[in-house]
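Remarks on the structure that follows.
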C-alpha cells in the first residue's frame, strides 16, 4: 500500500508491455465470439447458420495456426498473467483440434428430420403450441455458436493462466456457456433442462471452492501469481494453515471439473441429458482444459508442497478409478456408460499429476489428446443410432448393430478398444506413458492398482462389443442414420487419429516430451 | 484494526453458503448460497489485501463481482426455464436422470 501511494505521489504509471502475438489465439477466439453475437443480431435468420458455421470454423483454424506459429516460445506474457510455454501451447493446439471435431458434430443437421440437435427456441415450453410452431417454421438456435466460441476461448485461457485470477476468469468463461448449451436439446428436453440445472448448480458450487482456495493462497503468499506462490511455498518452513486450506480448496474445485470421485456426481446425469454433440465437447475439451490447469497449479505453484498433496491425490485417484469402472459395469445406457468411463479416465490421468515429473506432463498431454479424439468419435457414433423418438441410447437397442451396420459398429469398437487401452490404439500408448511416468515418480503401487482397474474396464467395453456383434438384432430396433459430411468427417478424423497415434506415436510423444516444461 | 475478524466472518459466510447448498431444496436458495460463497471469498480477498499491503485482492474482488453477475444471468435463465416447465424450482423434483 505504502509503495503504491508513493508511486501515486510521484505520478508514475508504468504501462505493462504486452506482446499481442503471444496471446493472439485467445484474443482471436474471444474476439470472434463477440462478432458472432453481432451476427445473431444483424444477419437475417435464413443466412445465420451458414455465416456462423464459416465464422466458427475459420476462427478455430486461424487460432490453431497462431498456436503453431508460437511453437518453441517460452515466456510469461501479458505482464505475467499468461504463460506461453510448451505445455500451454501443446494443450491449446490439442484443444483446438478437439474443438474443431466437436464443432463438426454440433453442426450436424442431417440426422434429425426436424433440424439440428438443438431446440428450435430454447425458451419455448416443451410440448407447447409455441414449440410446435417454431419447429414447423424450421427455426434454429444459432446462438449455440457464440456460446461455443466463448467456451473454447475460456478453455484456451484456462490452460495458459499463470495467475489465480486469470485461471478463475478462464474457468468461468469456459463453464458458463456450457451450462446453457447443456440445456438446449431438441429431443427429451426435460432431461436436457434437468442436466443444465444440475451442471450449473454443482459447477457454480465448485467454482466457489476454487475461488475461496485462491483467496487463502493469496492470504498466504501476498500474490496470486503462480511463480510468486511457489517462492512463498519454498520460503515457508513448517505447516501453514492458510496454505494447506488453499491447496485443499483449489483441488476440490479442480476435482469437480475433471469429475474425480467423490466430486463426480454431476457427470453421468449431465453427460446423459445434454445434446450428444455438447456431451462430446464437454467430455473431451473440459477434461483437457481442467487437467491442464491442474497440472500447472500443482506443478508450478504447489510443487514445493507435493508431500502434502500427494497422499490426498493418491486416495482420490484410487477412488476415481474404481468407482468409475465398477459403476460403469452396471450401466444400461451408452451415454451414461461413457460418462463413467470418462470418470475412470480422470483417475488414470491423476496418476500423471501425482508423478510430479516431466514425463508426467508429457504423458498426461498425450493421454488427453488420445482420449479426446476417441471420445468425440464415440459420441459421434452415438448420435447416429436413432429410433423414432431420437437417439436410442439404451444398450439393449444396440443389439446386433454390427450385423446391420458393420462400419459404424466397427468404428465404435475401435474407440472402445482405445478407451480400454488395447495395443495399436492411441489409448494404449497414452496409458503406457502415464503409467511409466507414475512408476518413475515413485507411485509404483498406484500403477499396479491402475492396471487392475484397467482390466476391469476391459470387461464393460468388451460387453458392448459383444452386444453389437454377437447378439441378434431386435425386430423394431433403431436404425443407423446416414449423416451429412459433418459427422462423417468428425468420426473419420477421430478414427484416423486414434489409429495413427496408436501405430506411430513416436513423433507425438517426442513433441509432448519436448513441450513438457512449465515456465514460471 | 486486525483483519482477523473479517477473515472469521468470511469463513462463517463461506461455511453457511456450503451448508445451504447441501441442505436447501429450492434451486433459487441454493443459488443464493453459492453467491454467498463467492462474496465470502471477496471479503477474504479484501481483508488479505489490507493485511498484505497490496491492492491485488481489491482488484480481484471487482473481477469476481463481474463474474458473479454473469453467473446470475446464466443461472436465473436456467432456473426460470425449469420453473416454467415444471411449475416448481425444487432441486429434488427433476429426477429423471439417475443411476
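Laboratory data are not the source of any read-out in this text; all were calculated from the coordinates shown. The structure presented is a predicted model; accordingly, all values stated were derived computationally and were not measured. FYI the Cβ positions are ideal-geometry reconstructions off the backbone, even for glycines, and counts take in every protein chain you see.
Could you work out how much longer the chain between residue A:329 and residue A:74 gets when fully extended? Use 0.36 nm per residue separation minus the Cα distance between them, nm to one decimal.
87.4 nm
Relative contact order for segment A:18-514: 15 percent, from Cα pairs under 8 Å spaced at least 6 residues apart, divided by residue count. Using R0 = 41 Å, the C-beta based FRET efficiency linking residue A:130 and residue A:496 works out to 0.45. For chain B, how big is the tail of P(r) above 24 Å, as a whole percent of Cα pairs? Every Cα pair in chain B considered, those over 24 Å come to 36 percent. For segment A:215-359, the spread of Cα coordinates along the three principal axes comes to 52, 28, 26 Å, biggest extent given first.
Using a 10 Å cut-off around each Cβ, can you sort A:436, A:472 from fewest to most neighbouring Cβ atoms?
Numbers: A:436 16, A:472 9.
Taking fewest neighbouring Cβ atoms as first place, the list is A:472, A:436.
Computed from the C-beta positions of residue A:472 and residue B:84, the FRET efficiency with R₀ = 45 Å rounds to 0.50.
Across q = 0.17, 0.19 Å⁻¹, segment A:396-437 modelled as identical point scatterers on its alpha-carbon atoms has Debye log10 I(q)/I(0) values of -0.53, -0.60, in the order of the q list. In degrees from 0 to 90, rounded to the nearest 10, what is the angle of the helix A:189-221 Cα long axis to the longest principal axis of chain A? Relative to chain A, helix A:189-221 is tipped by roughly 10 degrees.
Within segment A:284-323, whose backbone N sits under 15 Å from a point 7 Å along Cα→Cβ of residue A:445? Flagged as within label range: A:310-319. In segment A:310-451, the alpha-carbon atoms span a convex hull of 99 Å³ per residue.
Global dimensions of segment A:408-472 from alpha-carbon coordinates: Rg and Dmax equal 13.8, 48 Å.
Counting only Cα atoms, the size of segment A:143-294 along its three principal axes is 57, 28, 19 Å, in decreasing order.
Over the whole of B:62-70, what's the average partner chain Cβ count within 10 Å per residue? Rounded to a whole number, please. Display every interim value, and only then the final one.
Working: counts 0, 5, 7, 0, 2, 8, 5, 0, 3.
Counting other chains' Cβ atoms within 10 Å and averaging over B:62-70 gives 3.
If R0 equals 35 Å, the separation of the Cβ atoms of residue B:22 and residue B:62 corresponds to a calculated FRET efficiency of about 0.75. In terms of the mean number of neighbouring beta-carbon atoms within 10 Å, the peptides A:369-375, A:135-141, A:24-30, A:108-114 order highest first as A:369-375, A:24-30, A:108-114, A:135-141. The stretch between residue A:459 and residue A:436 holds 5.9 nm of extra length on full extension. This uses 0.36 nm per residue minus the Cα-Cα distance. Shape analysis of segment A:391-520 places it in the oblate category; the axes a ≥ b ≥ c from the Cα gyration tensor give an a/c of at least 1.5, with a/b not above b/c.
The long axis of helix A:144-160 is offset from the longest Cα principal axis of chain A by roughly 40 degrees. If a spin label sat at a point 7 angstrom from the Cα of residue B:11 along the line to its beta carbon, the backbone N atoms of segment A:201-244 nearer than 11 Å would be those of A:241-242.
Per residue, how big is the convex hull around the C-alpha atoms of segment A:1-145? Give it to me in cubic angstrom, could you? Mind dumping the intermediate values first?
Values: hull volume 26.3 nm³, N = 145.
Taking the convex hull of the Cα positions in segment A:1-145, it is 182 Å³ per residue.
Rg/Rh, computed from the Cα trace of chain A with Rh as the Kirkwood radius, has the value 0.97. Per residue of peptide B:11-18, the mean number of Cβ atoms on other chains within 10 Å of the residue Cβ is 2.
Once you reduce segment A:119-169 and segment A:303-371 to the center of their Cα atoms, the two points are 28 Å from each other.
In what order do A:266, A:407 fall by count of nearby beta-carbon atoms within 10 Å, going from fewest to most? If you can, show how the numbers build up before the last one.
Numbers: A:266 20, A:407 10.
Ascending Cβ contact count within 10 Å gives the list A:407, A:266.
Among B:84, A:336, sorting on how many other beta-carbon atoms sit within 10 Å of each Cβ, with the fewest leading, yields B:84, A:336. Volume of the convex hull of segment A:349-411 (Cα atoms only), normalised per residue: 105 Å³. Per the Debye calculation on segment A:295-385 with a single equal scatterer at every Cα and no solvent contribution, log₁₀ I(q)/I(0) for q = 0.12, 0.18, 0.21, 0.22 Å⁻¹ amounts to -0.45, -0.85, -1.02, -1.07.
Tell me, what is the Rg over Rh of segment A:64-107, with Rh the Kirkwood radius over Cα pairs? Display every interim value, and only then the final one.
On the way: Rg = 12.4 Å, Rh = 11.3 Å.
The Rg/Rh ratio comes out at 1.09.
To the nearest ten degrees, helix A:24-42 and the longest principal axis of the Cα atoms of chain A are 50 degrees apart.
To two decimal places, what compactness ratio does segment A:223-305 give when its Cα radius of gyration is scaled by 2.2 N^0.38 Å? Numbers along the way, then the final one.
Values: Rg = 15.8 Å, N = 83, 2.2 N^0.38 = 11.8 Å.
Rg over 2.2 N^0.38 Å, computed on Cα atoms: 1.34.
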